[in-house]
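Just below is one structure, and these are the notes that go with it.
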Amino acid sequence: MQHDLTIGGILVSPFVGYALIAFVLLVGLRVGFRRVRFGRYVANPPLAEAGIYVCLLALVVVLL
């Protein structure tokens, strides 16, 4: 079980850290998406990236 993070006397939920980790992973994937021209393969690229972010966030929560 993860405990709250204390940053400057403010308690921050571990979920915030998980969301940041998932965002960093998504930014890394976006570099690869740009090389493969991801937008050609999906109808709505922002919606697809949002779905990928949700999947990454779920994986980070489960694995950490």
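The values are calculated or read from the model by the stated rules, or taken from the named source; none is laboratory data. These numbers were taken from a predicted model, which means no experiment stands behind them. Glycine also receives a Cβ, built like all others from the backbone with ideal geometry; neighbour counts cover every protein chain displayed. Only protein heavy atoms, including side chains, enter the accessible area calculation; ligands, DNA and RNA are left aside. Shrake-Rupley method; radii C 1.70, N 1.55, O 1.52, S 1.80 Å.
So, in the stretch 1-24, of the ones that are outside any helix (DSSP H, G or I) and of a type in the set (A, V, I, L, M), which residue ends up most open to solvent (accessible area, probe 1.4 Å)?
Per the stated criteria, the residue is M1.
Limited to the stretch 1-33, what total is found for residues that are without any contact (Cβ under 8 Å) to a residue 12 or more places away in the chain and in contact with a strand residue (DSSP E or B) (Cβ under 6 Å, 6 or more places away or on another chain)?
Final tally of qualifying residues: 2.
Enumerate the pairs (first residue in the stretch 34-55 and within 20 Å of I21 (Cα to Cα) and without any contact (Cβ under 8 Å) to a residue 24 or more places away in the chain; second residue anywhere and among the β-branched types (V, I, T) and surrounded by 10 or more Cβ atoms within 10 Å (Cβ to Cβ)) with beta-carbon separation below 8 Å, excluding pairs fewer than 6 apart on the same chain, so at least 6 apart or on different chains.
A48/V42
Select from the stretch 25-49 the residues that are in a helix (DSSP H, G or I) and surrounded by fewer than 12 Cβ atoms within 10 Å (Cβ to Cβ) and list them in ascending order. Outline the logic, then answer.
To start, the set of residues in the stretch 25-49 that are in a helix (DSSP H, G or I) comprises 25-36, 38-40, 45-49.
Of everything in the stretch 25-49, those that are in a helix (DSSP H, G or I) and surrounded by fewer than 12 Cβ atoms within 10 Å (Cβ to Cβ) turn out to be V27, G28, V31, G32, R34, R35, V36, R40, P46, L47.
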